[in-house]
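What follows is one structure encoded as structure tokens, with my remarks underneath.
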Amino acid sequence: MKMEAVQERLKQWGELIITTASGELYEIHLGDTSFDSEQRIIRLSTPNGDYLIDGDSVENIKQHYGHKVENPEGH
């Protein structure tokens with residue numbers, strides 16, 4: 001999947017769960033994700049550090065909906 005398609009869906013939906021070709025899952029949001037079209041990288045900034053994801057390695061995207069957290073410690 002092209003990185004631009006991921007970026008467009010993120011703009012539309014605000015939050016996505018993406019799966020990369022290596023099977024890794026990332027939950028990305030508008031506020032913590034940036035796209036570098038020259039280097040073809042998606043940068044996810046988290047409290048634990050930045051993740052640099054191959055922008056064209058995304059194989060699947062899933063819309064993620066807000067929900068009430070029933071068990072805040074298990075979230």
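Check Arg9 against each of (1) assigned to a helix (DSSP H, G or I); (2) without any contact (Cβ under 8 Å) to a residue 12 or more places away in the chain and name the one condition it does not meet.
Just one mismatch for Arg9, condition (2).
Look through the stretch 41-70, keep the residues that are under 14 Å from the mean Cα position of the chain (by Cα) and assigned to a loop (DSSP other than H, G, I, E, B), and return whichever of them is nearest to Leu16 (Cα to Cα).
Top of the filtered list is His64.
For Glu24, all conditions in the list (1) more than 16 Å from Glu4 (Cα to Cα); (2) at pLDDT below 95 hold save one; what is the number of the exception?
Single failed check for Glu24: (2).
Among the residues of the stretch 7-19, write down those that are under 11 Å from Gln63 (Cα atoms), surrounded by 12 or more Cβ atoms within 10 Å (Cβ to Cβ) and of a type outside the set (D, E, K, R).
Leu10, Trp13, Gly14, Leu16, Ile17, Ile18, listed by residue number.
Taking the conditions exactly as written (under 14 Å from the mean Cα position of the chain (by Cα), surrounded by 11 or more Cβ atoms within 10 Å (Cβ to Cβ) and of a type in the set (A, V, I, L, M)), does Leu25 satisfy them or not?
No.
Does Ile41 meet the test of being out of contact with any Lys or Arg (no Cβ under 9 Å at 6 or more places or on another chain), farther than 20 Å from Gly66 by Cβ and either loosely packed, with under 11 Cβ neighbours inside 10 Å or β-branched (Val, Ile, Thr) (or both)?
Yes, satisfied.
The values are calculated or read from the model by the stated rules, or taken from the named source; none is laboratory data. These numbers come from a predicted model, not from an experiment. No Cβ is skipped: glycine too gets one built from the backbone with ideal geometry, and neighbour counts run over all protein chains shown.
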